[in-house]
Amino acid sequence: MRIGVVCYPTFGGSGVVATEIGMALAKKGYEIHFITYNPPVRLDLISSGIHFHQVQIEEYSLFQHQPYELALSSKMVQVVEKYDLEILHVHYAIPHAYAAYMAKQMLLQKGIDVKVVTTLHGTDITLVGSHPNYKTAVEFSINQSDVVTTVSNSLKEDTYRLFAIDKKIEVVYNFIELDKYGHSLGGPDCQRGNIASEDEFILTHISNYRPVKRAKDVVKIFAKVLEKKPAKLMLVGQGPDMPEVKRVAKELGVYDKILFLGNSTEVNKILCYSDVFILPSKSESFGLAALEAMAAKTPVISSNTGGLPEVNVHGVTGFLSDVKQVDDMAKNTLKLIESKKVLEKYKQNAYERAKTFGIDNVLPKYEKIYESLVALTK
Ligand code: GMT
């Protein structure tokens, strides 16, 4: 089967999920065409079955904002025609579902009936998509997609609550390739001694440091933990809140205990050092970063917002607290690291739970969707 994948090529979760789906499908013999403005960060471009088509945007001084949707939908039409694609799978509604609708209409004029699958990821619904400036077009393009999926039950409910959707939404959870997270402690890729001393626990946070992630809370939790236990904090990723995060770290006197690692394409390797993963987000449709941590045997301290309770099980794989409850999150972190024996139990539980989101359980759901759509055109 020939599938076009449209996503953001950056470090955001939706782009990561789209890339992993595309690469896994290519391994199974599908022909996958990524259509984006840059190669996706986690994409292995030289794998067989993977193609990349760059959306080029012409700068023209008359425009304050360059018309990306136009360039994207034109590129979609060209690629569908040239490579005879059967499906366009777009990740993140804005503007991808809208551009896909335009491409579909242009192709119908040429007698080509390409099917559109839209996967909603979170902020395209909860934060940005439901804003009055975008809502009309987002709602329209979701309703015009042939199939709509969300990455959690919580996001499905949010979508029905915030938009007038007249079609069935299918939930297909995000997934993990467990084999990529097997870097064993003490192995060549995981020399923990490089980061912390024997008695120090290692806490980790990975995000794009947008306000929705509440990354300053991570530093506050860390400072409270340090009052009771020796520890280090690894901060992975970059984003607009980072200067504030650094300011708070200095103010609380914990700056020197933090490793600022920037963006990484190797979170699987970084996570092998971790004892506890912290994700105190204000809103999170799923929390792929939490699942990645769990796959690396790291229990999770998170807020209980959105889809996080569908991933992190309170008292089993970590703990959930209300958003902003920094004291509670610190208390729960200390529960996890109370002793090596307790921590080991939570680590194992986290890993067992991550297994249920293994790629082999989830990918067939997308394949079934594609097959049912292609059957309609035969
Ligand atoms: O929130 C991000 O960091 C990026 C964003 C995206 O779309 O790139 O993530 C959303 O999609 C991820 C993959 O499905 C989910 O795991 C995240 O929970 C979701 N983020 C939010 O809902 C805030």
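Give the calculated FRET efficiency between Tyr83 and Asn194 to the nearest 0.05, with a Förster radius of 51 Å applied to their Cβ-Cβ distance.
Plugging the Cβ-Cβ distance into 1/(1 + (r/R0)^6) gives 0.65.
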- Item | Residue-span extension gain [Phe63 to Val316] - 0.36 nm each, minus C-alpha spacing | 85.8 nm
- Item | Directionally averaged projected area (convex hull, Cα atoms, the chain), nm² | 19.5
- Query: If you plug each phi of the stretch 118-132 into the Karplus form 6.51 cos²θ - 1.76 cosθ + 1.60 with θ = phi - 60°, what whole-Hz ³J(HN,Hα) values come out, in order, with x for Gly and Pro?
  - Reply: 10, 9, 8, 10, x, 5, 5, 10, 6, 9, 8, x, 8, 5, x
- Note on the structure: Given backbone amide H placed at 1.01 Å from N, residues whose amide H is under 5 Å from that of Ser303, ignoring those fewer than 5 places away on the same chain, are Leu279, Ser281, Ser321
- Note on the structure: So for R0 = 22 Å, FRET eff. of Glu371-Ser47 from the Cβ-Cβ r, to 0.05, ends up at 0.45
- Query: Which Cys residues of the chain have no other Cys beta carbon under 4.7 Å away?
  - Reply: Cys7
- Project the alpha carbons of the stretch 226-331 onto their principal axes and report the range along each, largest first, in whole Å. 34, 31, 28
- Query: Using unit Cβ charges (K, R positive; D, E negative) and no other charged atoms, how large, in debye to the nearest 20, is the dipole of the stretch 1-146 about its Cα centre?
  - Reply: 180
- Task: Before rounding to the nearest 500, sum -39500 (n - 2.57) across all DSSP H runs of length at least 4 in the chain and divide by the residue total; then give [θ] at 222 nm in deg cm²/dmol.
- Result: -12500 deg cm²/dmol
- Query: So which GluC sites (Glu not before Pro) in the stretch 1-82 are both in a DSSP loop and have at most 15 other Cβ atoms within 10 Å of their Cβ?
  - Reply: Glu58, Glu59
- Roughly how many nanometres apart are two label points built 7 Å out from the Cα toward the Cβ at Val323 and Asn143? 2.8
- Query: Could you give the nm distance between label points at Leu127 and Lys250, where each point is 7 Å from its Cα heading toward the beta carbon?
  - Reply: 2.5
- Nearest 20 debye, what's the magnitude of the dipole of the chain about its Cα centre given +1 on Lys and Arg Cβ and -1 on Asp and Glu Cβ? 640
- Message: Within the stretch 289-328, name every residue whose backbone N is under 11 Å away from a label modeled 7 Å from Cα of Asp179 along the Cβ vector.
- Response: none
- Residues whose placed amide H lies under 5 Å from that of Lys232, excluding near-sequence neighbours: Phe201, Ile202, Leu203
- Note on the structure: Checking the stretch 322-367 for trypsin sites (Lys or Arg not before Pro) in a loop per DSSP with at most 14 other beta-carbon atoms within 10 Å yields Lys324
- Note on the structure: With a Förster distance of 35 angstrom and the Cβ-Cβ distance between Leu259 and Glu170, calculated FRET efficiency to the nearest 0.05 equals 0.30
- Solvent-accessible heavy-atom area per residue, rounded to whole Å², over the stretch 178-355 at 1.4 Å: 42
- Item | Gyration tensor (Cα) of the stretch 178-355, equivalent ellipsoid semi-axes in angstrom | 20, 19, 16
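If exposed means no more than 11 neighbouring beta carbons inside 10 Å and the site is in a DSSP loop, what's the longest run of the chain without any exposed chymotrypsin sites (Phe, Trp or Tyr not before Pro)?
For chymotrypsin sites (Phe, Trp or Tyr not before Pro) (loop position, at most 11 other Cβ atoms within 10 Å), the longest site-free span of the chain is 64-378.
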- Item | Ile94, Ile202, reordered so the largest accessible area comes first (probe 1.4 Å) | Ile94, Ile202
- Solvent-accessible ranking of Leu70, Leu259, Leu336, Leu43, largest area first, probe 1.4 Å: Leu70, Leu259, Leu43, Leu336
- Calculated from backbone phi, Karplus (6.51, -1.76, 1.60) coupling profile of the stretch 270-277 in Hz, x at Gly/Pro: 4, 5, 5, 7, 7, 9, 9, 9
- Message: Sort Leu271, Leu162 by heavy-atom solvent-accessible area, probe 1.4 angstrom, most to least.
- Response: Leu162, Leu271
- Expected vector for the stretch 16-33, Karplus 3J(HN,Hα) from phi with 6.51, -1.76, 1.60 and θ = phi - 60°, integer Hz, x for Gly and Pro, equals 5, 4, 4, 5, 5, 4, x, 5, 5, 5, 4, 4, 8, x, 6, 9, 10, 10
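The values are calculated or read from the model by the stated rules, or taken from the named source; none is laboratory data. Model, not experiment: these values are computed from the prediction. Neighbour counts are summed over all protein chains in view; Cβ atoms, including those assigned to glycine, are modelled from backbone coordinates with ideal geometry. Just the protein is used for accessible areas: all its heavy atoms, side chains included, with ligands, DNA and RNA removed. Shrake-Rupley method; radii C 1.70, N 1.55, O 1.52, S 1.80 Å.
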